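Take a look at the structure below.
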Amino acid sequence: MTERVRRSEQREPAPHGLGVAVVFDWALTAQLDTQALTAATGHLGLGRDPLAIAGRLLAAAVLLALGDGLRRGIVALRLVQVALMALVTVLGVASAAVLITGHGSAGLVFSTLVEVTYGPWLVWRLLHSDTAAWFARSRGRGRAPRASGSRWIAVLVLWSVVWGVAVAWSQSL
């Protein structure tokens, strides 16, 4: 047996795309929170509809929990995230069709680019056999330092807030 084969057999599985998936969920959380806050204050061109504000906050809470569950390695949430990203990709393709036919606004461009690039990439990475093995081994305990260390969480939160606010702002153009 060669040294390379021995090293690959002893290698821990890695959660491919996990950090980006968490940032995606938390950025969407930040976007929805930003839109709820600005709607409540009458900014970014959003109406002050209490039901829409409550709906955004509820969706944000669900996405925050989904991202944290992924980060912790809860097995079932990997497939929930794959389904969500597949839906995001389909919506992105529909948005691209609207833009191509000249019926969309400039505010749709940025979010459409995110949907048609990150969506399929995340589906591919989260379905990787190493990712499945990592989730199976962690079983919700979030063992990996890059998924559970305080510095790593701070980086995920920072990226999420930046991207979420950027998308919320871009949709107001």
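All of the numbers you see were taken from the coordinates with simple rules; none came from a lab. This structure is a prediction, so every number in the text was calculated from the model and none was measured. Methodologically, a virtual Cβ is constructed for each residue, glycine included, from the backbone with ideal geometry; neighbour enumeration extends over all protein chains shown.
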Checklist entry - How far is helix 107-126 tilted off the main Cα axis of the chain, in degrees rounded to 10, range 0 to 90? => result 20 degrees
Item to check | Ranked list, fewest to most other Cβ atoms within 10 Å of each Cβ, for Trp163, Trp152, Trp134 | outcome: Trp152, Trp163, Trp134
Checklist entry - Quick one: putting +1 on the C-beta of Lys and Arg, -1 on the C-beta of Asp and Glu, what dipole do you get for segment 51-141 around its Cα centre, in Debye to the nearest 20? => result 440 debye
Checklist entry - Given q = 0.09, 0.12, 0.18, 0.21 Å⁻¹, what are the Debye log10 I(q)/I(0) values for segment 16-170, with equal point scatterers placed on the Cα positions and solvent ignored? => result -0.31, -0.54, -1.10, -1.34
Checklist entry - What are the ³J(HN,Hα) values, in whole Hz, obtained from phi via the Karplus relation 6.51 cos²θ - 1.76 cosθ + 1.60 with θ = phi - 60°, for each residue of segment 39-47 in sequence order, with x given for Gly and Pro? => result 5, 5, 9, x, 10, 6, x, 9, x
Checklist outcome for this item: Most exposed first, judged by fewest Cβ atoms within 10 angstrom, Asp33, Asp25, Asp130, Asp68 run Asp130, Asp68, Asp33, Asp25
